[in-house]
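Following: one structure in structure tokens, then a few remarks.
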Amino acid sequence: MTRLAPIALIVCFAALPAPAQNSPADAATMRDLLNEIRQLRATMEKTATLGPRMQLLMQRAQFQEQKVSRVQAQLDEVRKQIQQESSRQTAATERLTKIEQDISNESDASRRSQLEDMRSGLKMVLGNGPDPQLRARENELNNAFIAEQATLTEFNEKLDALERQLEALAAH
């Protein structure tokens with residue numbers, strides 16, 4: 001906009017009545033001035049069209065960031081559940097090892113029977129492993145996160161391109 005003030009002054013002076021004689025230099029100056037005004041107008045029109053596009057893209061990128069954050073939070077929660085389940089599995093494995101040692105050392109038949117029942121229960125728990133539905137949900141959320149992140153990257157690239165266009169227009 002700082003370029004507008006000198007141009008506006010030139011336009012004002014150009015609008016003043018000209019002396020009776022018009023020299024070729026005056027005509028060339030007027031042509032140059034008109035060309036500069038046309039270029040300025042074209043730049044302003046381009047800037048006016050880029051501004052709303054950039055604002056719309058920024059809003060869409062913000063919305064996309066929110067989607068990415070929501071999917072990331074869901075993915076983190078599922079991974080936390082998987083980690084908790086894995087920790088329970090590890091604890092059950094350690095407990096099973098301890099029970100098997102106790103069975104081999106136990107001489108009381110009644111106590112040995114209780115330990116064997118506990119061992120059977122723990123083996124069933126360990127046999128299932130981590131919940132397959134949790135693993136499937138993790139995979140689904142991970143794929144959704146990757147897709148949403150790619151969309152966000154695309155919006156940011158478009159914003160960068162618009163920003164470069166604005167900078168190029170300002171450099172004129």
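Coordinate-derived values only; no laboratory data. Bear in mind the structure is a predicted one, so any value in this text is a computation, not a measurement. All Cβ positions, glycine included, derive from the backbone under ideal geometry; neighbour counts span all protein chains shown.
Rg/Rh for the stretch 66-172 (Cα atoms only, Rh after Kirkwood) is 1.45.
The simple Förster model, with R0 at 35 Å and r as the Cβ-Cβ distance, assigns Leu166 and Leu33 a FRET efficiency of 0.85.
Label sites at Ser69 and Arg111, each approximated as a point 7 angstrom past Cα along Cα to Cβ, lie 5.8 nm apart.
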